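Asker: Have a look at this one before I ask anything.
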Amino acid sequence: QVQLVESGGGLVQAGGSLRLSCVASRSITSINPMGWYRQAPGKQRELVADITTGGTTTYSDSVQGRFTISRDNAKNTVYLQMNSLKPEDTAVYYCNAYYSIRNYWGQGTQVTVSS
């Protein structure tokens, strides 16, 4: 099993930045991929970005060029650096880990971007 704990959400003005962190309860060197999803009110959960153990990254079109996902294997942590935030980025952000043919989710962290 994998427990995931997110942090770093909050309220920020449009154009600002936040960095989300996700700490896993086990080594992430065997978790492939790890990613961030988000869910806005009334909308489906969507992929924001993910990263493989080899460092290959994928981004949704809506965040490409503004967000950066990274992983620190020594700290069992995945980060999401979010720059140039927009009001439409407002959502609950969830960390995801695909491990041993199961998907694991964190509890989510709220990101609110004011205009």
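Asker: Are there any strands (runs of 3 or more DSSP E) wholly within region 5-44 with 2 or more residues that are touching a Ser or Thr at 6+ places or on another chain (Cβ under 7 Å) and open to solvent by less than 60 Å² (accessible area, probe 1.4 Å), and if so which?
Answerer: Numbers: elements: 10-13, 18-24, 34-39.
Strands (runs of 3 or more DSSP E) meeting the threshold: 18-24.
Asker: Inspect all residues belonging to region 48-57 and state whether any of them is of a type in the set (D, E, K, R), touching a residue at least 24 places away in the same chain (Cβ under 8 Å) and under 28 Å from Ser114 (Cβ atoms). Write out each step before concluding.
Answerer: So in region 48-57, the residues of a type in the set (D, E, K, R) come out as 50.
Then drop every residue that is not touching a residue at least 24 places away in the same chain (Cβ under 8 Å), which leaves 50.
Still in the running and under 28 Å from Ser114 (Cβ atoms): 50.
Yes, region 48-57 contains at least one residue that is of a type in the set (D, E, K, R), touching a residue at least 24 places away in the same chain (Cβ under 8 Å) and under 28 Å from Ser114 (Cβ atoms).
Asker: Scan region 58-80 for residues that are open to solvent by less than 60 Å² (accessible area, probe 1.4 Å) and closer than 18 Å to Cys22 by Cα and jot them down.
Answerer: Scanning region 58-80 gives Tyr59, Phe67, Ile69, Ser70, Arg71, Asp72, Asn76, Thr77, Val78, Tyr79, Leu80.
Asker: Among the residues of region 89-115, how many are outside any strand (DSSP E or B), within 19 Å of Gly8 (Cβ to Cβ) and without any contact (Cβ under 8 Å) to a residue 60 or more places away in the chain? Step through it out loud before you land on a result.
Answerer: Pass one, region 89-115, residues outside any strand (DSSP E or B): 89-90, 100-101, 106-108, 115.
Okay, now just the ones that are also within 19 Å of Gly8 (Cβ to Cβ), so 89-90, 106-108.
Now restrict to residues that are without any contact (Cβ under 8 Å) to a residue 60 or more places away in the chain: 89-90.
Of the residues in that region, 2 qualify.
The values are calculated or read from the model by the stated rules, or taken from the named source; none is laboratory data. This structure is a prediction, so every number in the text was calculated from the model and none was measured. Cβ atoms come from the backbone with ideal geometry, glycine included; neighbour counts cover every protein chain shown. With ligands, DNA and RNA removed, areas are computed over all heavy atoms of the protein, side chains included. Shrake-Rupley method; radii C 1.70, N 1.55, O 1.52, S 1.80 Å.
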